[in-house]
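S.K.: Mind looking over this structure? Questions follow.
The values are calculated or read from the model by the stated rules, or taken from the named source; none is laboratory data. These figures come from a predicted structure and were not determined experimentally. All Cβ positions, glycine included, derive from the backbone under ideal geometry; neighbour counts span all protein chains shown. Surface accessibility is based on the protein's heavy atoms, side chains included, excluding ligands, DNA and RNA. Shrake-Rupley method; radii C 1.70, N 1.55, O 1.52, S 1.80 Å.
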Amino acid sequence: MISAMPTLTNVRFVRTSRNWRSQPPGRRCISTLLPPRTPAFVFDIDGVLLRGETVLEPTRNAFRILHGENPFNRKIPYIFLTNGGGVSEETRCLNLSRQLGFDIPINRYIQSHTILKSIAHRFHDKHVLVLGGRGNTLKSVAHSYGFRKVYNPLDILAWNHAIYPFIDLTEEEKMMHGTHQDLSKVKFHAILVFHDPRNWGLDIQVMCDILRGNGFLAEPTSIHSATDVEVIFCNPDLLWKNEWEGPRLGQGGFRKAWEGVWSHLKMGQNDPVITQLGKPTRETYSFAADVLREVSDELDVKLTFGSSDDVGTLGRSSSNIYMIGDNPESDIAGANLAGWNSVLVHTGVYDPRHRPSLPESKRPTLEAKDVEEAVRLVIHEEIKFTR
Ligand code: G3P
Ligand code: MG
């Protein structure tokens, strides 16, 4: 049994006009008696619930509170929003369900590339290159999203080893990635960086070849504009946290490396159309808001979206949505842009020992030592906010 939280029976809630606190006690008018709002949670994964494959100790208690052991005596809505990925949502959900010991519905799980489901229709009959993940895993995920003509850099290497002679494919890989298609005739319309690439050298070489060829791998006969090809990155994180004591380079590091090489290689070519998705982008937070709305409706919890202007008057957003994250650059910055509230936990990328001063745009509503304390603080905050 988790340690006691205030029960609602002995707490009296009064919602009054916004600036009631400025009223002298005698003049405060009590408009209605309303139960406090139920908060809704959006959980980051790496550095909040898990460190690599390790479940952080407070995580299970946090979900006991959300599953009903709370002053609201009800299920509190929550979803997962990670910049991680690399496998299908089903696989990630099954893994996390096994690790946390309860079933997680797939619709509650948003990875960095899940949002690509909403743009697959634009490329359903066009060739795209998918980067990241192991082997052909992300090709099948891309197919499940609606992309039909999908290749990855290992397919291109299996087609012509000279493209990147520094990696020798195993016989099994040659079988897995071999193709009868003459890839020099294929025009790629998009390069989709689903997850952290494993062979930066190969992936950067192939990206640059396709851009220099304006979609074709073949060496260009004349300088093209490279604008026919879209490049979509799904995760901007330069750093993320796993079991290793120091943060690890993420997909954002790969982007920087590619940009460095491309800037020297492009020789007067225009840059491709580049789209950045993932936290903190508005696209990803609005995608998450739609998913959270669905889950909250199922639990009959009303969402208040608030706006970043609230912070001026209330010192926090009026929203009852709370992003729980370990990275000010992604989790917190995104929540602030979306007009949500946020809690920065100290179990991941953000190191409170060094307390780097955070600009307003990356400053959280609250800080907590871990995810359980974050959930307790939010419930307390919401009870206080509606008083
Ligand atoms: O590759 C994953 C990493 O960039 C961060 O994941 O769960 O902290 O958003 P997460
Ligand atoms: Mg994280």
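S.K.: Along the charge dipole of the chain, which of VAL349, ALA338, MET267 sits closest to the positive end, that is, farthest toward it, with unit charges on the beta carbon of Lys, Arg, Asp and Glu (+1, +1, -1, -1)?
M.R.: Of the listed residues, the answer is ALA338.
S.K.: While we're here: Suppose a student asked you for the relative contact order of the range 74-116, using Cα pairs under 8 Å spaced at least 6 residues apart; what percent would you report?
M.R.: Result for the range 74-116 is 53 percent.
S.K.: Springs between alpha-carbon pairs under 10 angstrom, Gaussian network model over the chain: which of VAL301, VAL130, VAL48 fluctuates most?
M.R.: Residue with maximal mean-square fluctuation among VAL301, VAL130, VAL48: VAL301.
S.K.: Quick one: compute the contact order of the chain, relative version, from alpha carbon pairs under 8 angstrom and 6+ residues apart, as a percent.
M.R.: RCO, the chain: 19 percent.
S.K.: Exactly which chymotrypsin sites (Phe, Trp or Tyr not before Pro) in the range 180-276 are in a DSSP loop and have at most 15 other Cβ atoms within 10 Å? Display every interim value, and only then the final one.
M.R.: Details: sites: PHE188, PHE194, TRP200, PHE216, PHE233, TRP240, TRP244, PHE254, TRP258, TRP262; in loops: PHE194, PHE216, TRP244.
Qualifying residues, ordered by number: TRP244.
S.K.: Work out the FRET efficiency for ILE167 and SER361 from their Cβ-Cβ distance, taking R0 = 45 Å, and round it to the nearest 0.05. Walk me through the numbers on the way to the answer.
M.R.: Numbers: r = 41 Å, r/R0 = 0.90.
Approximately 0.65, to the nearest 0.05.
S.K.: Within the range 248-320, report the trypsin sites (Lys or Arg not before Pro) that DSSP leaves as loop and that have at most 14 other Cβ atoms within 10 Å.
M.R.: Working: sites: ARG248, ARG255, LYS256, LYS266, ARG282, ARG293, LYS302, ARG316; in loops: LYS266, LYS302, ARG316.
Taking the range 248-320 and a limit of 14 other Cβ atoms within 10 Å, the loop trypsin sites (Lys or Arg not before Pro) found are LYS302.
S.K.: Okay, next question. What span do the alpha-carbon atoms of the chain cover on each of the three principal axes, reported in whole Å from largest to smallest?
M.R.: 83, 42, 41
S.K.: Per residue, what accessible area does the range 313-369 have, given a 1.4 Å probe and all protein chains present, in Å²?
M.R.: Result: 38 Å² of accessible area for each residue.
S.K.: Sticking with this structure for a sec: For LEU50, which sequence-distant residues (separation of 5 or more, or a different chain) have an amide H within less than 5 Å of its own amide H, given hydrogens modelled in the peptide plane?
M.R.: Those qualifying (amide H under 5 Å, at least 5 residues apart or on another chain) are LEU56.
S.K.: As an exercise, use a Förster radius of 35 Å and the Cβ-Cβ distance of HIS121 and MET175 to find the FRET efficiency, rounded to the nearest 0.05.
M.R.: 0.65
S.K.: Mind checking the dipole of the range 257-374: about its Cα centre, +1 per Lys or Arg Cβ, -1 per Asp or Glu Cβ, Debye to the nearest 20?
M.R.: Once rounded to the nearest 20, the dipole reads 420 debye.
S.K.: Then there's this: For ASP182 and LYS266 in the same chain, what is the full-extension length gain: residue separation times 0.36 nm, less their Cα-Cα distance, in nm? Working shown, then result.
M.R.: Values: separation 84, 0.36 × 84 = 30.24 nm, distance 2.51 nm.
Additional length available on full extension: 27.7 nm.
S.K.: Working from Cα positions, state the angle (0 to 90°, nearest 10) between the long axis of helix 282-298 and the longest principal axis of the chain.
M.R.: 50
S.K.: Another one. I'd like the accessible area for HIS354, computed on protein heavy atoms only with a 1.4 Å probe and all protein chains in place. Round to 10 Å², please.
M.R.: 140
S.K.: Taking θ = phi - 60°, what integer Hz values does the Karplus form 6.51 cos²θ - 1.76 cosθ + 1.60 yield along the range 145-155, in sequence order, with x for Gly and Pro?
M.R.: 7, x, 6, 9, 10, 10, 10, 10, x, 5, 5
S.K.: Work out how much length ASP290 to HIS143 would gain on full extension: take 0.36 nm times their residue separation and subtract the Cα-Cα distance, in nm to one decimal. Present the calculation step by step, with values, prior to reporting the outcome.
M.R.: Working: separation 147, 0.36 × 147 = 52.92 nm, distance 2.31 nm.
Here the answer is 50.6 nm.
S.K.: Grab the beta carbon distance between ARG316 and ARG74, set R0 = 25 Å, and tell me the FRET efficiency rounded to 0.05. Don't jump to the answer; show the numbers that get you there.
M.R.: On the way: r = 23 Å, r/R0 = 0.93.
So, using R0 = 25 Å, E works out to roughly 0.60.
S.K.: Which residue, MET207, PRO71, LEU138, has the largest displacement toward the positive end of the dipole of the chain when charges sit on each Cβ (Lys, Arg +1; Asp, Glu -1)?
M.R.: PRO71
S.K.: Provide the gained length on full extension for the span GLU245 to ARG134, in nm with one decimal, where the gain is 0.36 nm per separating residue minus the Cα-Cα distance.
M.R.: So the chain would gain 37.5 nm between GLU245 and ARG134.
S.K.: To the nearest 10 square angstrom, how much accessible area does ASP228 have with a 1.4 angstrom probe?
M.R.: 80
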